[in-house]
Amino acid sequence: NTSYVLEMRDGYSFPYPQYTYNWQTPTATAVFYKVQLANNSQLPSDITQLVKDAIAAGFNGTDGGARAQIGGRVYAGRYYAGVQALHDAVQIISISVGFTAAVGQTMVELGIDQLPTLSPTNITVELV
């Protein structure tokens, strides 16, 4: 869906040879998360933000694991350790992913034409 024409002038005289390069520019594809935790009075007051930060760290690979990437799979299970490590009182009920706010899958697969993106507003944290 994208192309560029390169004209070679060095070492050539007019008419200059031209080469057309074509490539597929990936489409930004939002990934959504839903995290359900058992409500517990011992949870930190900022648990929602802490969970969002843990999910973002996993998504970006800044937690030491693999980041979400073009042509890859995003597994909900990838995020359990980061969320569980937030506090001793954390009890995870479920973590799910999806390409819409109606998440509910344990895995989504990105095509080679999809660039995964994450917004904090796409992470829902529920205390159940």
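The values are calculated or read from the model by the stated rules, or taken from the named source; none is laboratory data. None of the values given here were measured: they were computed from a predicted structure. FYI the Cβ positions are ideal-geometry reconstructions off the backbone, even for glycines, and counts take in every protein chain you see. Heavy atoms of the whole protein, side chains included, go into the accessibility calculation; ligands, DNA and RNA do not. Shrake-Rupley method; radii C 1.70, N 1.55, O 1.52, S 1.80 Å.
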Return a yes/no flag: does the range 23-35 have any residue that is open to solvent by 80 Å² or more (accessible area, probe 1.4 Å) and closer than 26 Å to residue 128 by Cβ. no
When residue 78 is run through (1) charged (D, E, K, R); (2) part of a loop (DSSP other than H, G, I, E, B); (3) more than 20 Å from residue 46 (Cβ to Cβ), the failure sits at (2)
Are any of the residues in the range 49-62 small (Gly, Ala, Ser), part of a loop (DSSP other than H, G, I, E, B), modelled with pLDDT of 95 or more and under 21 Å from residue 108 (Cβ atoms)? yes
Any chance you could count how many residues in the range 55-78 are in contact (Cβ under 8 Å) with a residue 24 or more places away in the chain, open to solvent by 20 Å² or more (accessible area, probe 1.4 Å), under 19 Å from residue 93 (Cβ atoms) and of a type outside the set (Ser, Thr, Tyr)? 1
Tally the residues that are assigned to a loop (DSSP other than H, G, I, E, B) and farther than 28 Å from residue 1 by Cα, restricting the search to the range 104-128. 3
Residue list for the range 83-103, restricted to those being part of a helix (DSSP H, G or I) and open to solvent by less than 30 Å² (accessible area, probe 1.4 Å): 83
Of the residues that make up the range 50-73, is at least one farther than 30 Å from residue 3 by Cα, of a type in the set (A, V, I, L, M, F, W, C) and in contact with a His (Cβ under 8 Å, 6 or more places away or on another chain)? yes
